[in-house]
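Shown next, in structure tokens, is the structure this report addresses.
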Number of protein chains: 2
Amino acid sequence: MYYDPVEAMDRAALEELQVERLKETIANARKSPFYGARLAGVNPEDFKTPADITKLPFTTKDDLRSQYPHGLLTRPLDDFVRLHASSGTTGTPTAVFYTQKDLDTWADLMARSMHCCGCRKSDVCQNMSGYGLFTGGLGIHYGAERLGMLTIPAGAGNTKRQIKLIRDHNVSVLHIIPSFALYFAQKVEEAGYNVKEMPWRIALIGAEPHTEEARRKIEEMMHIKAYNSYGLSEMNGPGVAFECVEQKGMHLWEDAYIAEIINPDTGEHVAEGEIGELVMTTILRDGMPIIRYRTRDLTRFIPGQCGCGRTHRRIDRIAGRADDMMILKGVNIYPMQIEQTLMAMPEVGQNYLIELVREGVSDQMRVKVEIKDEFFVEDMRALQGLQKQIAKNLCNEILITPRVELCQSDSIPKAEGKAVRVVDRRGEED
Amino acid sequence: MYYDPVEAMDRAALEELQVERLKETIANARKSPFYGARLAGVNPEDFKTPADITKLPFTTKDDLRSQYPHGLLTRPLDDFVRLHASSGTTGTPTAVFYTQKDLDTWADLMARSMHCCGCRKSDVCQNMSGYGLFTGGLGIHYGAERLGMLTIPAGAGNTKRQIKLIRDHNVSVLHIIPSFALYFAQKVEEAGYNVKEMPWRIALIGAEPHTEEARRKIEEMMHIKAYNSYGLSEMNGPGVAFECVEQKGMHLWEDAYIAEIINPDTGEHVAEGEIGELVMTTILRDGMPIIRYRTRDLTRFIPGQCGCGRTHRRIDRIAGRADDMMILKGVNIYPMQIEQTLMAMPEVGQNYLIELVREGVSDQMRVKVEIKDEFFVEDMRALQGLQKQIAKNLCNEILITPRVELCQSDSIPKAEGKAVRVVDRRGEED
């Protein structure tokens with residue numbers, strides 16, 4: 001039923017394993033110049049539970065930059081067989097180095113991840129993402145082969161050839177970028193095929209953040225089950241956390257990582273189920289362990305047991321970047337929370353704008369929301385009701401009641417390029 | 001000294017190994033629908049020496065097409081983990097399937113190949129070719145990792161980033177497409193670096209056919225040693241034959257392949273050292289053995305022992321495609337032979353044209369040759385001398401004395417797209 005029995009390991013035993021591996025990780029990390037200095041005063045015997053990890057300092061992206069290229073390596077360069085690097089076109093790049101053992105661990109985690117959402121040895125997997133320095137390509141590739149699937153390294157682009165390969169080889173699993181999936185579905189129809197008759201059944205769509213709504217749309221348009229995943233190069237790449245067939249959050253593989261969710265301001269753990277910044281520690285990495293890495297990615301642990309029986313905790317889909325956090329009346333708020341609340345309401349249109357303003361001595365949030373034409377009626381009472389409902393739904397999510405202003409379609413100016421969703425006017429006269 | 005002791009195996013023992021593996025291959029191949037029928041009457045006990053392989057029928061590209069996709073597979077599809085396919089934009093594509101064992105064999109052969117030209121575990125290898133369905137990318141990648149080199153999957157393009165990676169990570173081995181190498185050397189200089197100060201020492205440049213002259217130019221301009229390799233997807237991909245540090249031909253790994261060189265017209269073996277079509281049999285392939293595959297690639301066995309001590313025979317760089325062969329007065333002639341002879345002469349310019357004409361009852365070859373301006377002098381005697389020398393050099397190579405016509409620079413019309421080097425006028429009135 002599981003790829004690896006560890007997936008359903010008893011929590012107490014799993015946490016013991018984590019502590020054991022954390023101690024090994026501290027000892028190993030100290031062999032690197034960076035952690036040798038930073039962990040000088042740390043005594044591995046002080047670590048009795050996974051929560052003791054808070055005794056260790058954070059590692060940040062800036063640390064990785066300042067240590068570029070070799071400051072975190074625990075072994076001579078000769079022992080490494082793979083390097084992935086960020087493009088570093090702006091500023092110092094970061095690089096991640098892998099020993100053969102690390103590649104094996106990564107392939108195993110990736111194979112487990114794909115198995116967890118229903119992929120099997122008998123599947124045919126077409127990897128439609130680019131290869132190269134991007135960890136998504138080779139990560140999925142090695143995992144698919146490790147699981148024993150027939151793996152087609154199709155790479156990105158060339159829609160016609162992709163379709164032919166899928167049809168010729170009965171491809172049942174696609175690794176496809178979510179933003180490409182809808183375009184691809186359309187191209188398949190244009191080529192004269194019915195998506196319902198395509199041999200695929202599973203799409204792995206983790207490489208870009210996307211909403212639940214986008215996932216459902218992909219599932220509908222492609223007639224496929226789409227599974228979300230989470231990963232980042234600093235933690236190997238994809239295969240850090242993956243959805244099971246329940247599609248209710250991504251199991252984070254806790255035998256390989258210790259995950260924490262913190263308030264990005266205070267560095268303290270948030271309460272169970274609250275949103276915050278994901279902090280990750282590798283406890284199964286050989287050549288380049290990273291301790292308490294501030295991912296800047298926002299998510300929360302999903303409380304409760306998963307129906308699949310796996311005991312590894314689930315994280316929710318990424319709700320944005322910690323750098324996007326707003327603080328209002330002492331409460332941390334993320335734009336993604338507001339977006340998700342708004343987009344769940346059928347009356348809400350395409351666009352919205354969050355304004356933070358100062359009124360007297362207190363800060364306020366105003367949310368301008370475009371309403372679909374069919375709901376933007378002359379009935380003032382209905383509009384006021386809608387306005388109140390939006391404010392209430394937002395308050396349930398962010399614990400603050402914003403002033404909601406309803407707008408007509410297309411009345412909020414659109415930014416060129418990346419959408420501007422938050423304007424902070426608290427420094428201005430209001 | 002060798003990656004694998006088999007590289008210097010005693011010839012007699014190597015040939016015994018070949019016969020043993022050929023027998024196994026026949027037995028294995030028969031499990032596939034295609035060879036099950038084609039080899040029905042073959043008795044493995046009839047094979048005593050590698051030369052007995054001539055008792056087996058050829059396999060052609062058309063066979064691979066007609067058997068697409070599964071006709072050559074000896075195992076259930078479940079047992080395969082990789083598929084590479086030709087683009088098949090024109091006509092039926094071909095596909096090659098690999099079991100995990102096949103990928104391991106391929107990675108070992110590739111690692112051996114890279115070791116053979118001087119790559120070591122301590123090297124850092126930047127793979128500058130595209131990945132995906134092209135076997136060159138993943139083939140080199142898996143081999144580099146298998147050898148234990150730190151492998152950077154840079155992929156194609158992005159010259160600036162390539163240069164930064166090479167400098168930041170002390171890249172000593174490049175896998176680079178020959179036609180890109182000269183452009184790249186220029187870009188490195190334009191970026192303000194001296195190629196002599198770059199950390200590289202070895203370029204693997206096998207993915208495209210290229211001349212010895214092009215290799216020497218790459219070596220000079222990049223200040224690097226460039227090594228040629230040979231491979232084709234039907235025989236796994238790269239790693240079929242590779243140059244050793246002697247740079248005198250490519251050792252073809254005879255423990256994994258039985259190679260023959262035939263007259264493409266008659267199918268008979270050519271005399272030792274003569275040019276002809278390379279025919280290849282896999283004797284170490286698990287899931288998709290291919291017997292006596294007509295590669296259409298022209299080369300010859302290089303006679304004699306190699307200074308490196310390896311006993312596996314060497315093939316010469318590919319001299320063109322069998323489909324380009326001309327027959328004149330019963331002699332097989334390949335345009336590449338003429339090109340190489342002409343380009344070795346300092347007086348010869350950029351362009352030439354081969355014309356086949358009928359004169360009375362006999363066929364003749366005319367070769368128009370552009371002469372560099374500084375040699376195109378008024379001294380008729382000097383020009384006649386040059387003309388005779390060209391005819392003599394060509395006769396030494398192709399055994400026929402063509403009529404040589406000297407032309408001024410740019411006087412031979414250039415074709416748009418692929419150069420037209422041969423015009424057959426034997427059907428026309430002359």
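Taking the Cα centre of the stretch A:1-324 as reference, the dipole from Cβ charges on Lys and Arg (+1) and Asp and Glu (-1) amounts to some 820 debye.
If you build a Gaussian network model of chain B, linking Cα atoms that sit under 10 Å apart, which residue out of B:VAL173, B:VAL369, B:VAL124 swings the most? Highest fluctuation among the options: B:VAL369. For the listed residue pairs A:LYS23/B:LYS101; A:LYS164/B:LYS61; B:LYS248/B:LYS388; A:LYS217/A:LYS372; A:LYS329/A:LYS392, the alpha carbons are over 27 angstrom apart in A:LYS23/B:LYS101; B:LYS248/B:LYS388. Per residue, the convex hull spanned by the Cα atoms of the protein assembly as shown measures out at 229 cubic angstrom.
Heavy-atom accessible surface of B:LYS368, to the nearest 10 Å², is about 60 Å², with a 1.4 Å probe and all protein chains retained.
Placing A:GLU274, A:GLU219, A:GLU339 in order of accessible area, with the largest value first and a 1.4 Å probe, yields A:GLU274, A:GLU339, A:GLU219.
Basic side chains Lys and Arg get +1 at the Cβ, acidic Asp and Glu get -1 at the Cβ, and with that the dipole of the stretch B:326-424 about its Cα centre reaches some 340 debye. Using a Förster distance of 60 Å, how high is the FRET efficiency between A:GLU220 and B:LYS392, based on the Cβ-Cβ distance and rounded to 0.05? Calculated transfer efficiency: 0.20. Does chain A come out rounded, prolate or oblate by the C-alpha gyration tensor, with a ≥ b ≥ c the root eigenvalues, rounded set by a/c under 1.5 and, if not, prolate when a/b is larger than b/c and oblate if not? Since a/c reaches 1.5 but b/c is at least a/b, the shape of chain A is classed as oblate.
With R₀ fixed at 41 Å, the C-beta to C-beta distance from A:GLN247 to A:ASP104 puts the FRET efficiency at about 0.90. Rounded to the nearest 10 square angstrom, A:LYS23 shows an accessible area of 60 square angstrom against a 1.4 Å probe.
Here the sum of -39500 (n - 2.57) over DSSP H runs of 4 or more residues, divided by the residues of chain A, equals -9000 deg cm²/dmol at 222 nm, to the nearest 500. Rounded to the nearest Hz, the phi-derived 3J(HN,Hα) couplings of the stretch B:303-311 under the Karplus curve 6.51 cos²θ - 1.76 cosθ + 1.60 (θ = phi - 60°) are x, x, 7, 8, x, 7, x, 6, 9, where x marks glycine and proline. Distances between equivalent label points of B:ILE400 across the copies, with each point positioned 7 Å along Cα→Cβ, amount to 8.8 nm, shortest listed first.
Net charge in the neighbourhood of B:TYR3 (other residues with Cβ under 11 Å of its Cβ; Lys, Arg +1, Asp, Glu -1) is +2. The same position B:LYS329 in the other copies lies at 10.2 nm from this copy, comparing label points 7 Å beyond Cα toward the beta-carbon, shortest first. Take the accessible area of chain A alone and of chain B alone, subtract that of the pair, and you get about 3100 Å² summed over both chains, using a 1.4 Å probe. Heavy-atom accessible area, probed at 1.4 angstrom with all protein chains present, ranks A:GLU272, B:GLU20, A:GLU347, B:GLU378 as B:GLU378, A:GLU272, B:GLU20, A:GLU347, highest first. When the solvent-accessible area of the protein assembly as shown is split by element, carbon and sulfur atoms take up 48 percent of it, the probe being 1.4 Å. Report the closest approach of any chain A C-beta to the axis of the A-to-B rotation: residue and distance, in whole angstrom. That would be A:TYR131, 2. Farthest toward the positive end of the dipole of the protein assembly as shown, out of A:ALA154, B:GLY192, B:ASN236, is the Cα of B:ASN236, where the dipole comes from beta carbon charges about the Cα centre.
For A:GLU405, the residues whose modelled amide H falls within less than 5 Å of its own, excluding neighbours fewer than 5 places apart on the same chain, are A:VAL367, A:LYS368, A:VAL369.
With every protein chain in place and a 1.4 angstrom probe, the accessible-area ranking of A:SER362, A:SER229, largest first, reads A:SER362, A:SER229. Summarising the label geometry, the points placed 7 Å from Cα in the beta-carbon direction at A:VAL195 and A:SER411 lie 3.4 nm from one another. Ligands, DNA and RNA excluded, the heavy atoms of A:ILE205 present near 0 Å² of accessible surface to a 1.4 Å solvent probe. For the options B:VAL420, B:VAL240, B:VAL81, a Gaussian network treatment of chain B with springs between C-alpha atoms closer than 10 Å singles out B:VAL420 as fluctuating the most. The residue among A:VAL245, A:ASN263, A:ALA8 whose Cα reaches farthest toward the positive pole of the charge dipole of the stretch A:1-324, with charges on the beta-carbon of Lys, Arg, Asp and Glu, is A:VAL245. With an 8 Å cut-off on Cα pairs and a minimum separation of 6 or more residues, tell me the relative contact order of the stretch B:326-424 in percent. Relative CO of the stretch B:326-424 lands at 34 percent. Relative to the other identical copies, B:LYS31 shows label-point distances of 4.1 nm, where the label point lies 7 Å from Cα along the Cβ direction and values run shortest first.
Take the alpha carbon atoms of the stretch B:264-343, find their center, do the same for the stretch B:45-61, and report the distance between the two centers in whole angstrom. Between the Cα centres of the stretch B:264-343 and the stretch B:45-61 lies a distance of 17 Å. Only Lys, Arg, Asp and Glu carry charge here, each on its Cβ (+1 for the first two, -1 for the last two); on that basis the protein assembly as shown has a dipole of about 400 debye about its Cα centre. If R0 is taken as 35 Å, the Cβ-Cβ distance between A:THR211 and A:LYS121 corresponds to a FRET efficiency of 0.60. For the stretch A:277-430, count all C-alpha to C-alpha pairs, find those more than 20 Å apart, and express that count as a whole percent of the total. Percentage above 20 Å: 60.
The values are calculated or read from the model by the stated rules, or taken from the named source; none is laboratory data. Bear in mind that the values here come from a model prediction, so they are computed numbers and not experimental data. Neighbour counts run over all protein chains shown; Cβ positions are idealised from the backbone, glycine included. Surface areas here come from the heavy atoms of the whole protein model, side chains and all, with no ligands, DNA or RNA. Shrake-Rupley method; radii C 1.70, N 1.55, O 1.52, S 1.80 Å.
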